[in-house]
Amino acid sequence: MTDSTQDELTASPRMPGGQLPRFETALVPRNSISGRALIAVVAIMTFLASVTTGAVMLVSTAASEWQADVAREVTIQVIPAPGRDLDATVEKAATVARTFPGIGDVRSYSKEESSKLLEPWLGSGLSLNELPVPRLIVVKVAVNAAPDIPQLRRMLLEQVPGATLDDHRGWIDRMRTMAGTAVAAGVAILLLMIAATMLSVTFATRGAMATNKPVIEVLHFVGAKNGFIAGRFQRHFLLLGLQGGAIGGGAAIVLFALAGAISGWFAGSAGGDQTSAMFGSFSIGIAGYIAVLAQVVLIAVVTAVTSRHTVNRTLDTID
């Protein structure tokens, strides 16, 4: 017997006459209750993973936009004091800011406008005339400019007593920390979902092998390699993973599409504007949809690889 003939006989199980064995049922049941249950589990895991990914992308994008907007704007605050001409001090501070290199626009808030900014915290109808309400000056950085903010702060301290500059650096740092925390939490949740999917596939594979244990033992006895048997299980669970992943990922895509459409319908309303300011347009964009499709493929691959690994480990115990 030549080496090629020997390899052919050991590559797949054959009966004494050289014929492939025939079974009344498939080696891996295709439409079993456990198979349908696994599809449901994979669909749920993929849906939750996709929603988590989309939410993380929305938060990260919104945080980046907030940081970019805040970074292009600084605030000058003028504190009232006895004997101080507040209007003249505000005008002088605004003049210093306007003449500083890299500054695009300067807007001074009137006393009434500054008091109105306190209404969300103090309510309306209060008389703030006797309170030392500071006056605000909003300074916007020019496009493609990088002004020396510390130098502007020093000039204000020297030339305008009672004026302080806030570049919102602390707020930006907190936003950056929040976005990083959201991304880390999303990654942790994804890893947990992948682990749960792997456990589910492991139990389903062992159940399928237990159901067909006599057939597997016969195949193993007549010379079937572990790769032949594991390949059958791998293809079966790959299809299950793709089916469940497509259901879960498709549901997540529909959810994000509906959320984007609904946010567009309510654009211009008070609630819609506030929601848009917080989370953007609820659109995850092309990159988000590609990420969801990638997760569908990832879940299917994890399902197939986990099944093959489980089969190989189980067959090693038969040896």
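Quick note: the coordinates plus some simple rules give every number you see, no bench work behind them. Please read all numbers here as calculations on a predicted model, not as lab measurements. Cβ sites come from the backbone with ideal geometry, for glycine too, and all protein chains shown count toward neighbours.
Ranked by the mean number of other Cβ atoms within 10 Å per residue, highest first, peptides 305-315, 152-162, 82-92 order as 305-315, 152-162, 82-92.
Taking a straight Cα-Cα cut-off under 27 Å and skipping sequence neighbours fewer than 8 places away in the same chain, the lysines within cross-link reach of residue 111 are 92, 140.
Counting Lys and Arg as +1 and Asp and Glu as -1, what is the net charge of the other residues whose Cβ lies under 14 Å from the Cβ of residue 106?
Numbers: positive: 72, 92, 98, 107, 135, 140; negative: 73, 91, 105.
After counting each charged neighbour, the total is +3.
Within straight-line reach of residue 213, meaning a Cα separation under 27 Å, sit the following lysines at least 8 residues removed in sequence or on another chain: 225.
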